[in-house]
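First the structure, in the form of structure tokens, and then the observations on it.
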Amino acid sequence: MKQMTMIQALQQAMDGLLQSDGGVVILGEDVGKNGGVFRATDHLQEKYGEQRVIDTPLAESGIIATATGLALNGMKPLAEIQFLGFIYPAYDQMMTHVSRIRSRTLSKYTVPLVIRAPYGGGVRAPEIHSDSTEALFTHMPGLKVVVPSTPYDAKGLLIAAMQDPDPVLFLEPIRSYRSTRGEVPEEMYEVPLGEPALRREGDDVTLIGWGAMMPILLEAAERLSEEAIQCEVIDVRTLYPFEPELIIQSVKKTSRAVVVHEAQLTSGFGAEISSQIQEEAFLYLRSPVARVASYDVPYPFFAMEQDYLPSVDKVMQAVRETMTY
Amino acid sequence: MKTNYPLFQLMNERGEKIQEGTYGQMEKERAKRFYEQMMRARLFDRQAIHLQRQGRLGTYVPYEGQEAAQVGSLTALDKQDWIFPSYREHGGLIATGAKMESVLLYWGGHPVGSIPDERRKVFAPAIPIATQIPQAAGVAWASKLQEKEEVTIVYFGDGATSEGDFHEGMNFASVYQVPLVLFNQNNGYAISVPITKQMNSETIAQKAVAYDMPSVRVDGNDVFAVYEVTKRAVEHARSGQGPMLIEAVTWRKGAHTTADDPAKYREPHEGEAFVDPVERLTLYLKQEGWWDEEWAATIEREVLEEIERAIDEVERYPKPDASVLFDHVYATLPSSLERQKRQFIERGGRA
């Protein structure tokens, strides 16, 4: 099987989607001739034409609103927001319409729309380009929030998201675009939404994360095994609607949990996970659920980002504290 | 700028014909039909306000004074066309076939009331301001991409033209030359803020220039003129010539909603220049010799009876159940919501 980066896997998925369904259109800023600022849609306009891969005006609310209209009227839009940090003008559309159209019309109208947005830090980007504000979108019943961490999942989850009858926010970890490589089948396949992945088995502590935190968790788990601490590692993959069963099952086995995200600590999605663990597995816990997250400050200028973000060392330290509680 | 956008009229404030309509809309049968439709809207509105005052309806949005703008434009559409209303177009929708029960259920707080009527492609009302404009541009764009013969009309008020979504919608519509009619009802006020504080431009129609889009300023209380310009805009859009903006100048006679009191911000004499659209049409019918007291009384009696029947039906309507609350959030109920649905029923929620 071919080895490829996450960005190549995404490009291949979108190529296949355009190929297999004439109703699919990709729209966003610079997605056409330029192939996207990360080249996720490279060569797709050349191949499928300007009616299918569309350079839109620079207007995020307009992109999401018109994509909503396209979805309402028979198309299958795949919208790109250039960076998650620039999605906020579209927040209104997502909050007041995209997520609610099915429920407020009792399923008469639906919005099969996928919104791709690169997110997260660690790549020395200018201000606003590194936001990891996924939690803002896990409070919108009707929307699904998906985050891949491997090239294989990126392709399979994106294809599944495009088959989903409901709107999906698809968050792509910028840091993993080219730093993760893995085997990706040439053919079209789906990785189902709503199912977390068990990335490593272990009996002592459960590490929980998503997106660009996964390589950090896996490295921390590997190094901790040298200290005779065996970590179970879970990749949440679909943040919302949140399905906690696999996590609960794991914590019942390990009795300890560490949740890691690059978003700020307070009201981060880790708070929800931690809360559900204590509700469902309270009597199994041998230590409080630990959270490793960023500080409650705006995402810093990049000279400070490595001190701000969770790291392998910070995760290892949290695990050790959990083990000796 | 006002001189560049003269107010288009087919009849004047005294109900006198100034010029003939292109579509036969000023002829006897059609003119009388407009009267019936506008009365249907008006009587419903007045009854709905009574119901709200009696505590039988939630906060309600009245539209008295804007019947001609709504009826004149909605009747200019074909069956296959899309309609994106704001929250003030239920008058026109009722006049052109929406079920009164459905509108009463909507303002009575029942979600079934926002299920659009089956015979038309009407989208659920937009409560936020201007958000429906770029959505409608997207729907029209899809019609163009799929080579469907549909036109989309989107309604919004004067206040909406200050929102970014108005401009983004205008721009997308213009860039992709989509079959969209942007129908603005300039009723003078956005809740309490007059148009003079809303914008420094003299007209809303002129805003189309920036998007290289044709536009027209029409007397929104002249049902014949509204029909004329909308029909032209729809034909323009359907023939592939792109979007068009209509500014229908009208007057909201009543409050913004039943929770609002215009005495707080409007002088009693304001709006006097506007002759009520129903009165104007009555004057026209009288001048043409088509007015018939008995006919008008029959319309009133029949519509009032119909409203009574609708109220009866709505008041007997069962309370929504758990499936309404939970089963339409996603196509498939996620297990987290399944648990919450069970909880809702266990705690006494209607199953």
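The values are calculated or read from the model by the stated rules, or taken from the named source; none is laboratory data. Computed from a prediction, not measured in an experiment: that's the story for all the values here. Here the Cβ positions follow ideal geometry from the backbone for every residue, glycine too, while neighbour counts run over all protein chains shown.
Observations on the structure shown:
- Selection within segment B:169-185 - surrounded by fewer than 24 Cβ atoms within 10 Å (Cβ to Cβ) and either among the basic types (Lys, Arg) or over 19 Å from B:Glu149 (Cα atoms) (or both): B:Asn171, B:Val175
- Screening A:Ile128 with (1) assigned by TED's automatic domain parsing to the domain that holds A:Gln93; (2) more than 30 Å from A:Lys108 (Cα to Cα); (3) not in a loop (DSSP other than H, G, I, E, B) gives one miss only, at (3).
- Residue in segment A:94-108 that is farthest from the chain's Cα centre (by Cα), counting only those that are free of Cβ contacts under 8 Å to residues at least 60 places away in the same chain and more than 7 Å from chain B (Cβ to nearest Cβ): A:Ile101
- Qualifying residue in segment B:318-338 (condition: more than 14 Å from chain A (Cβ to nearest Cβ) and either part of a loop (DSSP other than H, G, I, E, B) or over 37 Å from the mean Cα position of the chain (by Cα) (or both)): yes
- Of the criteria (1) within 10 Å of another protein chain (Cβ to nearest Cβ); (2) part of a loop (DSSP other than H, G, I, E, B); (3) under 26 Å from B:Thr161 (Cβ atoms), which one B:Pro134 fails: (2)
- The number of residues in segment A:48-75 that are facing another protein chain (nearest Cβ under 10 Å) and on the phi > 0 side of the Ramachandran plot comes to 1.
- Matching residues, segment A:109-120, being part of a strand (DSSP E or B) and within 14 Å of another protein chain (Cβ to nearest Cβ): A:Ile115
- Any hit, segment B:75-85, residues being surrounded by fewer than 22 Cβ atoms within 10 Å (Cβ to Cβ) and within 13 Å of another protein chain (Cβ to nearest Cβ): yes
- Residue tally, condition among the hydrophobic types (A, V, I, L, M, F, W, C) and in a helix (DSSP H, G or I), over segment B:51-96: 8
- The residue pairs whose first member lies in segment A:239-252 and is closer than 16 Å to A:Gly209 by Cβ, whose second member is surrounded by 19 or more Cβ atoms within 10 Å (Cβ to Cβ) and among the acidic types (Asp, Glu), and whose beta carbons are closer than 9 Å, counting only pairs six or more residues apart or on different chains, are A:Leu239/A:Glu134; A:Tyr240/A:Glu134; A:Ser250/A:Glu232; A:Val251/A:Glu232.
- Residue list for segment A:76-89, restricted to those being surrounded by 24 or more Cβ atoms within 10 Å (Cβ to Cβ) and within 11 Å of chain B (Cβ to nearest Cβ): A:Pro77, A:Ala79
- Qualifying residue in segment A:5-23 (condition: within 19 Å of A:Glu60 (Cα to Cα) and at pLDDT 95 or above): no
- Candidates in segment B:118-128 are the residues that are within 10 Å of chain A (Cβ to nearest Cβ) and part of a loop (DSSP other than H, G, I, E, B); of these, the one that is surrounded by the fewest Cβ atoms within 10 Å (Cβ to Cβ) is B:Glu118.
- The residues listed here are A:Val37, A:Val31; of these, the one that is surrounded by fewer than 22 Cβ atoms within 10 Å (Cβ to Cβ) and β-branched (Val, Ile, Thr) is A:Val37.
Quick grid of which residues meet (1) outside any strand (DSSP E or B); (2) more than 17 Å from the chain's Cα centre (by Cα); (3) farther than 30 Å from B:Glu20 by Cα:
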| site | (1), (2), (3) |
| --- | --- |
| B:Asn171 | yes, yes, yes |
| B:Thr196 | yes, yes, yes |
| B:Gln206 | yes, yes, no |
| B:Met213 | yes, yes, no |
| B:Phe224 | yes, no, no |
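- Of everything in segment B:140-165 that is in a helix (DSSP H, G or I) and closer than 22 Å to B:Gly72 by Cβ, the residue that is nearest to the other protein chains (Cβ to nearest Cβ) is B:Ala140.
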